[in-house]
Amino acid sequence: IKLDFADVLIKPKRSTLSSRKEAQLERSFKFKYSRKAWNAVPVIAANMDTTGTFEIASELSFYNMVTAIHKHYTLEELYEYVSQQHMKTISENLFVSIGIGNDDWNKYTTLCTKLNFRPNICIDVANGYMEKFVDFCKQAREYVSNDAIIMAGNVVSSEMTEELILNGVDIVKVGIGSGAHCTTRVVAGVGYPQLSAIIECADAAHGLGGHICSDAGITNPGDMVKAFGAGADFVMIGSEFAGHDESGGEEVYDDGQLVGKVTYGMSSSTAMKKHYGQVNDYRSSEGRTSVVPYRGPILNTLQYYMGGLRSGMTYVGAKSLKELSKRTTFIRVNRVLNEKYENSTLTKR
């Protein structure tokens, strides 16, 4: 039996922490290939074009968090933004996203030449099981040497996690079908419950000195706590970071009031038509489009999530984020939340 976030709770344990503020969210990292050493809050804004924006990157870097910039910015836009940032921000808080096509690779290498250094890369494809993808990761490592961190995915199994790490990847991105705007599981019939994927892939990665990033499936702060507790080194958040002032997406108004922003999966027909002009006749849309309620500044959501993470750590006695997985015991449950007043306006955050 494989498990998802909604199938479990974390058992509380005796704790020496007397306050949530004692929980340390920043974590120090050393990577298998990159010589960079990080000290950061390992929460990453997803490289959707509604969340992996320059505006979100600037805001998250202020709190020492990370952003995977989406791949649809032009070379000129990337250069203008990256070149204006302090080197510490680039080294510690940013990934430039690319696919495995020649255009993406040429854009990245040209950016490196213009900047005179090599930014961290997020090599992102829906299906990380292709031989072509593994070969691309290997070639990318040869190009960046130990100058950049490479994050790549997505996969959901231990053997493919090991394969990617052995071919130059520092952080393996884990998750297929878990995203709120992903429909791969119903279109292709392929996927893996996220909690079990994290547990199995983390075990494989850590045995080789690598790391994993849990990508998608986060619906509340408790899910993030469970992801870290299961062994994720980084947690990527997409839809929960949408709908903010700093997020992308078309604004939706009702009677003159901003009520939401359009958000969509990057394999949706909306995204494909926007960035490529069409949905090719050999494929189907594997994402949905929706209107996310307007949530104001992203700081509101960051505080909600960081507060939840500190609370979870306090309940199990984890003083540091790295210690959380060692203090986590999962129990299977039939119900996570009492939904008696779920539809009451008084319960809405």
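The values are calculated or read from the model by the stated rules, or taken from the named source; none is laboratory data. What you are looking at is a predicted structure, and each value in this text was computed from that prediction instead of being measured. Backbone-built Cβ (ideal geometry, glycine too); neighbour counts: all protein chains shown. Ligands, DNA and RNA are excluded from the accessible area calculation, which covers all protein heavy atoms including side chains. Shrake-Rupley method; radii C 1.70, N 1.55, O 1.52, S 1.80 Å.
If amide hydrogens are placed 1.01 Å from N in the peptide plane, which non-local residues have theirs closer than 5 Å to the one on ILE212?
Distant-sequence amide H within range of ILE212: VAL172, ASP233, PHE234.
Could you state the accessible area per residue of the range 17-99 in Å², with a 1.4 Å probe and every protein chain left in place? Could the numbers behind the result be given before it?
Details: 3550 Å² over 83 residues.
For the range 17-99, the per-residue accessible area is 43 Å².
Going by Cα centres, the range 19-77 and the range 163-200 are how many Å apart?
The two parts, judged by their Cα centres, are 20 Å apart.
Amide H neighbours of LEU3 under 5 Å, counting only residues 5+ apart in sequence or on other chains, H built in-plane at 1.01 Å?
SER196
Of SER178, LEU324, TYR73, which is farthest on the positive side of the dipole of the chain, counting Cα position, with +1 on Lys and Arg Cβ, -1 on Asp and Glu Cβ, and the Cα centre as origin?
It is LEU324.
Let me check I have the definition right: for the range 73-221, take the eigenvalues of the Cα gyration tensor, multiply each by 5, take square roots. What are those semi-axes in whole Å, largest first?
Those come to 27, 17, 15 Å.
Highest mean first, what order results for 157-163, 43-49 on Cβ atoms within 10 Å?
By packing density, highest mean first, the sequence is 43-49, 157-163.
Could you compute Rg(Cα) / (2.2 N^0.38 Å) for the range 16-89, with N its residue count?
Normalised by 2.2 N^0.38 Å, the Cα Rg of the range 16-89 equals 1.32.
Using only the alpha-carbon atoms of the chain as identical scatterers, what base-10 log of I(q)/I(0) does the Debye formula give at q = 0.14 Å⁻¹?
-1.21
List, in order, the whole-Hz ³J(HN,Hα) value for each residue of the range 147-156 obtained from phi through the Karplus relation with A = 6.51, B = -1.76, C = 1.60 and θ = phi - 60°; use x for Gly and Pro.
Result, ordered by residue: 7, 9, 7, 10, 10, 8, x, 10, 9, 9 Hz.
As a test, work out the antiparallel percent of DSSP beta bridges whose residues both lie in the chain, rounded to the nearest 5.
40
Among 130-143, 92-105, how do they line up from the highest to the lowest mean number of other beta-carbon atoms within 10 Å?
92-105, 130-143
Rounded to the nearest 500 deg cm²/dmol, what is the calculated helix-only ellipticity per residue at 222 nm for the chain, with -39500 (n - 2.57) per DSSP H run of length n ≥ 4?
That comes out to -10000 deg cm²/dmol.
Using the structure shown, list the pairs from LYS226/LYS340; LYS11/LYS138; LYS173/LYS319 with a Cα-Cα distance above 30 Å, or answer none. Before the final figure, lay out the partial values.
On the way: LYS226/LYS340 24 Å; LYS11/LYS138 41 Å; LYS173/LYS319 26 Å.
Check vs 30 Å cut-off fails for LYS11/LYS138.
Sorted by mean Cβ packing within 10 Å, highest first, what order do the peptides 55-62, 194-201 take? Write down the numbers at each step before the final one.
On the way: 55-62: 19.4, 194-201: 25.5.
Top to bottom by mean Cβ count within 10 Å: 194-201, 55-62.
If you take the square roots of the eigenvalues of the alpha-carbon gyration tensor of the range 56-155 and sort them as a ≥ b ≥ c, do you get rounded (a/c under 1.5), prolate (a/b over b/c) or oblate?
Note, shape of the range 56-155 comes out prolate.
To the nearest µm²/s, what D does Stokes-Einstein give for the range 185-259 at 25 °C and 0.890 mPa s, using the Kirkwood radius over alpha carbon pairs as Rh?
Rounded, D is 168 µm²/s.
Convert each backbone phi in the range 128-145 into a coupling constant with the Karplus relation 6.51 cos²θ - 1.76 cosθ + 1.60 (shift: θ = phi - 60°), then list the ³J(HN,Hα) values in order as whole Hz, x for Gly and Pro.
x, 9, 6, 4, 4, 5, 4, 4, 5, 4, 4, 5, 5, 5, 4, 6, 7, 6
Please report the carbon-and-sulfur percent of the accessible area for the chain; probe 1.4 Å, protein heavy atoms only, DNA, RNA and ligands left out.
That fraction is 47 percent.
Which trypsin sites (Lys or Arg not before Pro) in the range 17-52 sit in a loop by DSSP (not H, G, I, E or B) and have at most 16 other Cβ atoms within 10 Å of their own Cβ?
Listed in order of number, the matching sites are ARG35, LYS36.
When you take every Cα atom in the range 116-184, what is the radius of gyration, and what is Dmax, the widest Cα pair distance, in Å?
12.3, 40
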